[in-house]
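One structure is given below, encoded as structure tokens.
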Amino acid sequence: MKKVAYYVSAHGYGHGVRTCDILPELVARRPDVQMVLTTGLSVSFLEPRLKGLPVSFRAGSFDVGMIQIDSVAVDVPATFRTVEGLFAQRTALVDQEVCFLSEAKADLVVADIPSIPMEAAAKAGIPCVAVGNFGWNWIYSPFAEKDPRWWPLIEKIEEGYRKADLLLRLPFSEPMTVFERQVNIPLLAQPGVSRRAELAEATGADPDKTWVLLSFAALNWTDEVVRRVAGEPGYEFFTVQPLAWEGSGIHSVSREAFSFSDVLASSDAVISKPGYGLLSECIANDKPLVYVDRQDFIEYPILEEAIRRHLRGVHIPQEDLYAGCVRPYLERLEECPPPAEPMERDGGQRVAGELLRLMEPGGSP
């Protein structure tokens, strides 16, 4: 039996989504593997995607990501204070995880992509693999240009990253040069199942209208804007909980009843901010995207370029999104040509192969 300690950032669902694409492939190849998933993500989000797999869940958060006002706007000062507070506990957290890894008898540590577990793995003498398309050192670097208090925190993150044995570098990636050994991985996403008839019955939505998924964890729309969007003729709008405007006419779908992937597969178009997980699922399901720019997020130009190459996409300015002026952009999607470049989609199998290789006797990066 092999045991894997898997650490997942709670910043956005993308880290969790791709983890849930990797673990089934790992179990398919090695049925006796046991996994402990440590994350701040909700178990209710993860469990339906990992149902029946030998995974136990452990609450824990070892990175901060970005403190966000809603799914678009970022609170940079609050992010700094929270990152600073986390790394003030760095030594204690590393020692805590060394004890955990020893008690769990872990054969491999995988981190997407907090640095502290990488330090703990190195201290415990356990192989460690990083998985990601960016590092937090890179995400925070523009803030350090304006506020040098960020630099010591970035250096601490990089110290942890250098202790990883291998980076499995995902698409839509920055160079991630802090990781000495890297393997490029194809797209990590599986298409969902269209359940349009079931969704129509559950929500009362008209299946003959154009269905639009509003893919945000939070969106600061006023009551007036919600009414305006819900009343757009010819359209049905959906959210996946926790985002909900009860009684508004915008249909809120429970994750327990319908997976996010299935809601997306059942929709005709998506409105969202660009993120790794959302882009991957839109590509896998061939769904067009109306996307809003993201404040203070260095990853945005890379993701926007990915949209241009691999998706049918239309940009909506923030002011129009917050005003609920979405119809013109949805109509423009109809004029978009097919994606310019297809993508390989066997990323889960490739990652599983790399992880299993490292767990074998004599396995090396």
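The values are calculated or read from the model by the stated rules, or taken from the named source; none is laboratory data. Note that the structure is predicted; figures quoted are calculated from it, not measured. Quick reminder, even Gly has a Cβ in these numbers, built from the backbone with ideal geometry, and neighbours come from all protein chains shown.
Here region 214-234 is the region considered, the condition is being surrounded by fewer than 20 Cβ atoms within 10 Å (Cβ to Cβ), closer than 17 Å to Y329 by Cβ and in contact (Cβ under 8 Å) with a residue 40 or more places away in the chain, and the residue that is nearest to the chain's Cα centre (by Cα) is V225.
Return yes or no: is P288 of a type outside the set (A, V, I, L, M), within 20 Å of V17 (Cα to Cα), at pLDDT 95 or above and touching a strand residue (DSSP E or B) at 6+ places or on another chain (Cβ under 8 Å)? It is true that P288 is of a type outside the set (A, V, I, L, M), within 20 Å of V17 (Cα to Cα), at pLDDT 95 or above and touching a strand residue (DSSP E or B) at 6+ places or on another chain (Cβ under 8 Å). Select from region 123-175 the residues that are assigned to a loop (DSSP other than H, G, I, E, B) and either free of Cβ contacts under 8 Å to residues at least 12 places away in the same chain or not assigned by TED's automatic domain parsing to the domain that holds V8 (or both) and list them in ascending order. Once the filter is applied, which keeps residues that are assigned to a loop (DSSP other than H, G, I, E, B) and either free of Cβ contacts under 8 Å to residues at least 12 places away in the same chain or not assigned by TED's automatic domain parsing to the domain that holds V8 (or both), region 123-175 yields G125, P148, P175.
Scanning region 14-40 for residues that are surrounded by 18 or more Cβ atoms within 10 Å (Cβ to Cβ) and among the small types (G, A, S), we see that the one that is nearest to V55 (Cα to Cα) is G16. One residue stands out in region 80-131 among those that are among the basic types (K, R) and surrounded by 14 or more Cβ atoms within 10 Å (Cβ to Cβ): the one that is nearest to L41 (Cα to Cα), namely R90. For V83, the stated conditions hold: it is touching a residue at least 60 places away in the same chain (Cβ under 8 Å) and in a helix (DSSP H, G or I).
Within region 307-316, the presence of a residue that is in the same structural domain as R228 (by TED's automatic domain parsing), part of a helix (DSSP H, G or I), under 16 Å from P274 (Cα atoms) and touching a residue at least 60 places away in the same chain (Cβ under 8 Å) is excluded. Consider region 185-237 and keep the residues that are among the hydroxyl-bearing types (S, T, Y) and outside any strand (DSSP E or B). The one that is farthest from L26 (Cα to Cα) is T222. Give the residue that is nearest to the chain's Cα centre (by Cα), with candidates limited to residues of region 29-56 that are under 18 Å from G14 (Cα atoms) and outside any helix (DSSP H, G or I). My answer is L41.
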